[in-house]
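To start, the structure itself, in C-alpha cells.
The values are calculated or read from the model by the stated rules, or taken from the named source; none is laboratory data. Worth saying up front: this structure is predicted, and the values here are computed from it rather than measured. Please note: Cβ atoms are built from the backbone with ideal geometry, for glycine as well, and neighbour counts cover all protein chains shown. To get the accessible areas, we keep the full protein, side chains included, count just its heavy atoms, and leave off ligands, DNA and RNA. Shrake-Rupley method; radii C 1.70, N 1.55, O 1.52, S 1.80 Å.
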Amino acid sequence: MSPEWRFRIARNTQEFYRIVFSGKSEELDSWMETAAELKIDELDRYINGLQNDLKAVKNAIIYPYNNGLAEGSVNKIKL
C-alpha cells in the first residue's frame, strides 16, 4: 500500500471520528460516499453495516444517551 493510500485512509478515519463526536450526523452521508470511493473491502462492509441501521447510527451521533448503565447491570447478572 502506497503512502498516499495510507494518508487517505488515515484522513478518512479521522473525519469519521470528528463526525461522530461533533454531533453532526448530516455529514455522515457524505463521509460514507467518500469512504466508498476508496474501494477497500473491509471499509465497504463497515459502510454497508452503517447503512443497514442508518437512523440508529445518526441518533447515536446526535443524542448523548446510551445504554451503558443498563449493559453494566445485565453483565453483572450474567456473571
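What are the chymotrypsin sites (Phe, Trp or Tyr not before Pro) within the chain that DSSP puts in a loop, where the Cβ has at most 15 other Cβ atoms within 10 Å?
Details: sites: 5, 7, 16, 17, 21, 31, 46, 65; in loops: 65.
Sparse-neighbourhood loop chymotrypsin sites (Phe, Trp or Tyr not before Pro): 65.
Taking the Cα centre of the chain as the origin, how large is its charge dipole in debye, to the nearest 20, when only Lys and Arg (+1) and Asp and Glu (-1) carry charge on their Cβ atoms? Kindly include the intermediate steps, with their values, before the conclusion.
Details: 11 positive and 12 negative charges, 75 e Å.
So the dipole magnitude of the chain works out to roughly 360 debye.
Carbon and sulfur: what percent of the chain's accessible surface (1.4 Å probe)?
Numbers: 3510 of 6330 Å².
Exposed carbon and sulfur together represent 55 percent of the surface.
Keeping all protein chains in place, calculate the accessible area per residue for the chain (probe 1.4 angstrom), answer in Å².
Working: 6330 Å² over 79 residues.
Roughly 80 Å² per residue, with all protein chains present.
Using +1 at the C-beta of Lys and Arg and -1 at the C-beta of Asp and Glu, which of 30, 3, 64 has the Cα lying farthest in the positive direction of the dipole of the chain?
Checked the options; the winner is 64.
Could you pull out the trypsin sites (Lys or Arg not before Pro) across the chain that fall in loop regions by DSSP (anything but H, G, I, E, B) with no more than 10 other Cβ atoms inside 10 Å? If you can, show how the numbers build up before the last one.
Numbers: sites: 6, 8, 11, 18, 24, 39, 45, 55, 58, 76, 78; in loops: 24, 39.
For trypsin sites (Lys or Arg not before Pro) across the chain that sit outside H, G, I, E and B with at most 10 neighbouring Cβ atoms in 10 Å, the list reads 39.
Considering every Cα-Cα pair within the chain, what fraction, in whole percent, is farther apart than 16 Å? Mind showing how you got there, number by number?
Working: 1846 of 3081 pairs.
Of all Cα-Cα distances in the chain, 60 percent exceed 16 Å.
List the aspartates and glutamates whose Cα sits under 12 Å from the Cα of residue 24, skipping any in the same chain fewer than 8 residues away.
15
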